[in-house]
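Some notes on the structure that comes next.
The values are calculated or read from the model by the stated rules, or taken from the named source; none is laboratory data. Keep in mind it's a predicted model, so treat the numbers as computed, not measured. Cβ: placed from backbone, ideal geometry, glycine included. Neighbour counts: every protein chain shown. Accessible surface areas use protein heavy atoms only, side chains included; no ligands, DNA or RNA. Shrake-Rupley method; radii C 1.70, N 1.55, O 1.52, S 1.80 Å.
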Amino acid sequence: MRVAMVTESFLPSVNGVTTSVCRVLECLRDRGHDAVVLAPRPAPEQWAGYPVLGLTSVPVRQFAVGLPSGEVEAALTAFHPDVVHVASPFVLGAAALTATARRGIPSVAVYQTDVPSYLAQHAPGPVGRGAARAAWRWVRHVHGLADRTLAPSSAALAELALHDVPRTALWTRGVDAAAFHPSWRADAGTRALRRALAPDGQVLVGYVGRLAPEKELHRLAALRTVPGTRVVVVGDGPSRADDRALLTAAGLDVVFLGRRDGDDLARAYAALDVFVHTGTRETFGQTLQEAAASGLPVVAPARGGPLDLVDHSRTGLLFDPDSPDGLRDAVAHLAGDRAKREALGRAGREQVEHRSWSGVTDELLDHYDSVRTARAAAR
């Protein structure tokens, strides 16, 4: 099969969209499929052996936004794909889906970023609500051009249905359970990191992810009253300076480690005792799976993607994000009970260790085949 992968985000930016695209490309390569990647510049020249076409983009808040130029349709025409996979379409993806609809090319769009919610958050009040409504009209239009829209969680599917987005289906995400593994705790580098972070035996409560307003890291300030803990933040993004200033001013004992990748990221997870996710606008929550694969108990808001990923009181704890004490009480409960933490961590590992990227890519290929068959039947 010839697959054109059009993505709003790609390397060197690291986020959930980029991670999903990279893992799927690796699995397509292993199965012998052909592919090309269309992504905003700057981008590497190739990934997983496939060519990457860097398209014209403009920077917006440290994020490269691809422009909907004629480059997109020209590249698709030259490659002659059997199916076009559009990751988190909004601008560049809209151009791709317009081209596929015009040319009758089978297409799959992956809904992964809750842009309307982000707009409402960044501009609260009537302006934000108006922007969110306009964004949902655009999302409905863009995804309406696709033969099928894939959502990563039941919450995301429900949101799409609420806004009348047609032809939707569930497609979750895999996790590399070999790369993220409890065995990293015995690694010398992990032990050294833990000694540096917890010299007095503190319980390490960690967040991993992009640092941006929609991640709501201000919620971590509530943990300042949990005794014997230290908060560790792993990641980078446009809100790093603001998050550091806010949490430090709140009196939180917090350490920012910056962005980590590969083995260093696995060590960072393994050095923690509890993993915390703070954002309420997640369509999925990939770091929750990575933390669980690392054998960590996870704490997340009872909203959005985490509802599918956290089995409350078995693999982690869900807290009410509308309660000012919800996050604090959940972390305090685990911080004071090592046996509970270990039990939840074991159960979390068991829950995710078979969610391989290979398996979810097989599901994706079934979706590709389905839209191709439907297009052929329509012709």
(request) Using the Cα centre as the reference, give the magnitude of the dipole from point charges on the C-beta atoms of region 314-357 (Lys, Arg: +1; Asp, Glu: -1; all else neutral), rounded to the nearest 20 debye. (result) 280
(request) For the chain, set up a Gaussian network in which alpha carbons nearer than 10 Å are linked by springs, and say which option among Asp114, Asp362, Asp30 fluctuates the most. (result) Asp30
(message) How much of the pair distance distribution for the chain lies past 29 Å, counting alpha-carbon pairs only, in percent?
(response) 42
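Compute the Cα gyration tensor for region 181-338, then decide on rounded, prolate or oblate, letting a ≥ b ≥ c be the square roots of its eigenvalues: rounded whenever a/c is under 1.5, prolate when a/b is larger than b/c in the other cases, and oblate in all that remain.
In terms of gyration-tensor shape, rounded.
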(message) Along the charge dipole of the chain, pointing to its positive end and built from +1/-1 on Cβ of Lys, Arg, Asp and Glu, which listed residue (Leu193, Gly93, Ala271) has its Cα farthest out?
(response) Gly93
(request) Please list the equivalent ellipsoid semi-axes of region 299-338, computed as the square roots of five times the alpha-carbon gyration tensor eigenvalues, in descending order and whole angstrom. (result) 16, 14, 5
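Report, in debye and to the nearest 20, how large the dipole of region 224-379 comes out about its Cα centre when Lys and Arg carry +1 and Asp and Glu carry -1 on their Cβ.
Value, rounded to 20: 140 debye.
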(message) If I stretch the segment between Val58 and Ala134 completely, what's the gain in nm (0.36 nm per residue apart, minus their alpha carbon distance), one decimal?
(response) 25.2 nm
(request) List the trypsin sites (Lys or Arg not before Pro) within region 51-157 that fall in a DSSP loop (any state other than H, G, I, E or B) and whose Cβ has at most 13 other Cβ atoms within 10 Å. (result) Arg61
(message) Just to confirm my numbers, what's the Cα centroid distance between region 21-43 and region 206-277 in Å?
(response) 31
(message) At 222 nm, what value in deg cm²/dmol follows for the chain if DSSP H runs of at least 4 each add -39500 (n - 2.57) and the sum is divided by all its residues, to the nearest 500?
(response) -13000 deg cm²/dmol
(request) May I ask you to give the percent of accessible area on the chain that is carbon plus sulfur, with a probe radius of 1.4 Å? (result) 53
(message) Going by amide H atoms built from the backbone, whose H comes under 5 Å of the H on Val65, apart from near neighbours?
(response) Val58, Val60
(message) Is there a quick way to get the dipole size of region 136-238? I mean about its Cα centre, with the Cβ of Lys and Arg at +1 and of Asp and Glu at -1; what is the value in debye to the nearest 20?
(response) 200
(message) When a/c reaches 1.5 or more, the comparison of a/b and b/c decides; with that in mind, is region 187-241 rounded, prolate or oblate per its Cα gyration tensor?
(response) oblate
(request) Please say if region 105-182 is rounded, prolate or oblate, where rounded means a/c under 1.5 for a ≥ b ≥ c the square roots of the C-alpha gyration tensor eigenvalues, and otherwise the choice is prolate for a/b larger than b/c and oblate otherwise? (result) oblate
(request) Give the accessible surface of region 164-285 per residue, rounded to a whole number of Å², with probe radius 1.4 Å and ligands, DNA and RNA excluded. (result) 40
